[in-house]
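Peer 1: Shown below is the structure under consideration.
The values are calculated or read from the model by the stated rules, or taken from the named source; none is laboratory data. Keep in mind the model is a prediction, meaning the values are calculated, not measured. Cβ: placed from backbone, ideal geometry, glycine included. Neighbour counts: every protein chain shown. Ligands, DNA and RNA are stripped out before the accessible areas are found, and what is left, the full protein with its side chains, is counted by its heavy atoms. Shrake-Rupley method; radii C 1.70, N 1.55, O 1.52, S 1.80 Å.
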Amino acid sequence: TAQVIGFVDEATAGFMRRTLPDVEPVRVVAITEKRLVHADSLKHREGGIALNRDQYLALPGTVSTPDAVYYDTKHGHFVYVRDLADGGVIYAALDVAENAKKVGTIDALVNAYRLPGTPAGAGRLLDRKRFIKMGEEGR
């Protein structure tokens, strides 16, 4: 089963159209139980990337009012980001491909985790060859 956590607004849908003109923008964003369990796995907790309770509760807000939206050219995901006080971010990657189709009418499934405020963590978002930031596509 899946839980809807948000809806893609028109500005983000426009970014999706500009970035992938041959793909219809997604509108419904959900997380499955399997992905939620994976997000809170021992591996993620030991690696420091698991979200805490408040960050899980912030996922709908991360989708509805993100601090930034990116297109990850390496993985083909659109990524919603919410900045955290410690320099890290909540990183919610939308999988708009095969996995979403398996859930039925839901457009996109989200993987969510925390990136620490390090160059290899949240700092990777500064790599403009990999991450295209919404509003900066033409730069």
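Peer 1: Filter the stretch 25-50 for residues that are within 14 Å of residue 77 (Cα to Cα) and open to solvent by 100 Å² or more (accessible area, probe 1.4 Å) and give the result.
Peer 2: If the condition is that a residue be within 14 Å of residue 77 (Cα to Cα) and open to solvent by 100 Å² or more (accessible area, probe 1.4 Å), then no residue fits.
Peer 1: Looking only at the stretch 55-74, filter to residues that are of a type outside the set (A, V, I, L, M) and at pLDDT below 90; which one of those is least open to solvent (accessible area, probe 1.4 Å)? Steps first, please.
Peer 2: Kept after step one, since they are of a type outside the set (A, V, I, L, M), are these residues of the stretch 55-74: 55-56, 60-62, 64-67, 70-74.
Those still in the list that are at pLDDT below 90 too: 55-56.
Numbers: 55: 23, 56: 50 Å².
Here the residue is 55.
Peer 1: Let me spell it out: the conditions are (1) within 21 Å of residue 70 (Cβ to Cβ); (2) without any contact (Cβ under 8 Å) to a residue 60 or more places away in the chain, and residue 46 meets all of them except one. Which number is the exception?
Peer 2: (1)
Peer 1: Any residue in the stretch 6-20 that's over 13 Å from residue 136 (Cα atoms): show its pairings with residues that are part of a helix (DSSP H, G or I) at Cβ separation under 7 Å, as long as the two are six or more apart or on different chains.
Peer 2: From residues that are over 13 Å from residue 136 (Cα atoms), the pairs are 6/60; 6/63; 6/64.
Peer 1: Considering 37, 29, 63, 69, which residue is of a type in the set (A, V, I, L, M, F, W, C), within 13 Å of the chain's Cα centre (by Cα) and in a helix (DSSP H, G or I)?
Peer 2: Criteria check complete, one pass: 63.
Peer 1: On to the next question. Residue check, residue 114 against (1) among the basic types (Lys, Arg); (2) at pLDDT below 90; (3) surrounded by 18 or more Cβ atoms within 10 Å (Cβ to Cβ), all met but one. Which one?
Peer 2: (2)
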